[in-house]
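Beneath this line is the structure, given in structure tokens, with notes to follow.
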Amino acid sequence: MDSRTGGDPRNTGEAATLWGKLEETCRYYTGLPKPRVEARVVDFQSERQFVSLLHQGKPVAVAFTFSCAHTRHFDEMFRQASADLHPHVNFIRVDCPKHLGFCIARQRKDYPFIEIFYNSKEAQRDPIPSVGGATGAAGLVRYSVMVLPYNYDISTYGFREFFKKHQLFPVAAP
């Protein structure tokens with residue numbers, strides 16, 4: 001213990017400079033420690049919000065999960081991948097106990113899991129019948145969306161390789 005600096009050797013200006021140089025050197029050779037980047041995971045609120053994200057034209061990675069100690073690592077890796085791939089991919093986390101109907105519609109029994117939604121196109125437009133038997137102009141619009149189950153490693157590298165293989169964003173992505 002150093003009595004001049006209050007016990008912490010990193011409190012001095014010289015030690016802080018050395019510590020900064022060590023972090024720069026480690027980052028240069030190993031990429032670690034990674035700079036802090038804010039995660040871009042959107043919490044699922046409604047199907048309307050989900051559809052609006054699909055209409056942006058980017059792939060949407062959806063994590064169907066629940067909050068417990070067993071999924072903490074899964075959630076952290078999902079957040080890290082979202083921070084690294086944000087401009088190219090939207091990330092949504094669905095808390096299945098809160099949005100049970102949306103999760104049951106996926107017809108999967110193993111939680112947590114990830115599915116990738118992409119390429120939304122208008123499939124058909126159903127007019128709403130009006131009172132007199134004639135059809136109205138406005139109506140229900142149905143969309144066709146491609147869905148891929150994600151079965152790669154849950155890391156930034158796994159997501160990057162998955163999107164390269166399925167050609168969902170440019171190879172030169174970060």
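Hey, with R₀ at 25 Å, roughly what FRET efficiency would residue 16 and residue 73 work out to, going by the Cβ-Cβ distance, to 0.05? FRET efficiency, residue 16 to residue 73: 0.20. Entry comment: accessible area of the range 32-110 is 61 Å² per residue, from protein heavy atoms only and a probe of 1.4 Å. Sorting the segments 62-68, 161-167 by their mean number of nearby beta carbons within 10 angstrom, highest to lowest, gives 62-68, 161-167.
Using the Karplus relation 6.51 cos²θ - 1.76 cosθ + 1.60 with θ = phi - 60°, the per-residue 3J(HN,Hα) values for the range 42-48 come to 9, 7, 5, 10, 7, 5, 5 Hz, with x marking Gly and Pro.
The values are calculated or read from the model by the stated rules, or taken from the named source; none is laboratory data. Please read all numbers here as calculations on a predicted model, not as lab measurements. Reconstructed Cβ throughout: ideal geometry from the backbone, glycine too, with neighbour counts over all protein chains shown. Please note that ligands, DNA and RNA were not included when accessible areas were found on the heavy atoms of the full protein model with its side chains. Shrake-Rupley method; radii C 1.70, N 1.55, O 1.52, S 1.80 Å.
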